[in-house]
Amino acid sequence: MEDPYATVEIGNPNAREAVLEVNVHFVDAYGSPLLDTVNQVGVPAKDKVTYRVSAKIPYIERIARCEVKPVARAVW
């Protein structure tokens with residue numbers, strides 16, 4: 001069986017490539033946090049990439065949804 005994950009699309013509207021910090025939070029049905037992730041993802045200039053975020057935790061059945069911070073911070 002494949003490990004659980006969420007897929008997010010990250011866009012870079014800038015004229016040069018950037019590494020962006022992507023925050024994804026997995027929460028239960030009550031909105032309580034179960035797993036917080038922070039990943040650095042390289043995105044080409046004026047392009048988008050799809051990134052897979054692992055949700056492998058012992059209590060995977062409690063995850064109701066994931067929430068993505070709407071604006072990714074440029075790391076460089």
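The values are calculated or read from the model by the stated rules, or taken from the named source; none is laboratory data. These numbers were taken from a predicted model, which means no experiment stands behind them. Neighbour counts run over all protein chains shown; Cβ positions are idealised from the backbone, glycine included. Surface areas here come from the heavy atoms of the whole protein model, side chains and all, with no ligands, DNA or RNA. Shrake-Rupley method; radii C 1.70, N 1.55, O 1.52, S 1.80 Å.
Could you check residue 17 against (1) among the acidic types (Asp, Glu); (2) surrounded by 12 or more Cβ atoms within 10 Å (Cβ to Cβ); (3) under 13 Å from the mean Cα position of the chain (by Cα) and say which number it fails?
Among (1) among the acidic types (Asp, Glu); (2) surrounded by 12 or more Cβ atoms within 10 Å (Cβ to Cβ); (3) under 13 Å from the mean Cα position of the chain (by Cα), residue 17 violates only (3).
Does any residue of segment 25-46 turn out to be open to solvent by less than 90 Å² (accessible area, probe 1.4 Å) and at positive phi?
yes
So, in segment 38-71, how many residues would count as being hydroxyl-bearing (Ser, Thr, Tyr) and under 24 Å from residue 14 (Cα atoms)?
Here the count works out to 2.
Can you pull out the residues in segment 51-72 that are surrounded by 12 or more Cβ atoms within 10 Å (Cβ to Cβ) and either farther than 15 Å from residue 5 by Cβ or of a type outside the set (Gly, Ala, Ser) (or both)?
51, 53, 57, 60, 62, 63, 64, 66, 67, 68, 69, 72
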